[in-house]
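The values are calculated or read from the model by the stated rules, or taken from the named source; none is laboratory data. Nothing here was measured: the structure is a model prediction, and the numbers come from that model. Virtual Cβ from ideal backbone geometry, glycine too; neighbours counted across all protein chains shown. Quick note on the areas: whole protein, heavy atoms, side chains included, nothing else; ligands and nucleic acids left out. Shrake-Rupley method; radii C 1.70, N 1.55, O 1.52, S 1.80 Å.
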Amino acid sequence: PCALPMPGLRQIFYMSRVADGLAERDVKAVLALSRRNNRMLDVTGSLTFTGRHFVQTLEGRPEVVESLLARITHDTRHHDMRLMLDRAVTLRSYPLWSMGLLYNLDFSDDIETMFAAPVASTGVCTEMMRRLKPDTVMGAL
């Protein structure tokens, strides 16, 4: 399917550190709830879990994304949340996924490097988003 331009979309990209004691079943529960809620809210995106970090891209209507961001910011399952990119877009990067999941331990060091940088450029964030995008052939897990 072809993604059609949609004026008025907001896309955010953030990373955070996983709270101590978070189990894989907790991540699966978050994913299941997110997929259900995001379908109802017309939100798409992807969640990466490295065992040490969450990295997430969300996209949808600005007021919906703002509300989700407020909830995510106060979620105790993670800490040190850092909003890396917040922008208006006309095309969704994840038009087919209410929430894709990439579970990959290999990205942990790269994400930690981004945490260490005082500011990450839009280009660096966009490249990381590209690298973390789940495989479209295999589909979102």
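The table below gives the values:
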quantity	calculated
Single unsatisfied condition, Ala120 versus (1) aliphatic (A, V, I, L, M); (2) loosely packed, with under 14 Cβ neighbours inside 10 Å; (3) part of a loop (DSSP other than H, G, I, E, B)	(2)
Subset tally (residues that are under 15 Å from Asn38 (Cα atoms) and either hydrophobic (A, V, I, L, M, F, W, C) or surrounded by fewer than 20 Cβ atoms within 10 Å (Cβ to Cβ) (or both)) for the range 94-106	6
In the range 81-104, the residues that are modelled with pLDDT of 90 or more and over 14 Å from the mean Cα position of the chain (by Cα)	Ala88, Val89, Thr90, Leu91
In the range 1-30, the residues that are modelled with pLDDT under 90, under 17 Å from Leu96 (Cα atoms) and open to solvent by less than 60 Å² (accessible area, probe 1.4 Å)	Ala3
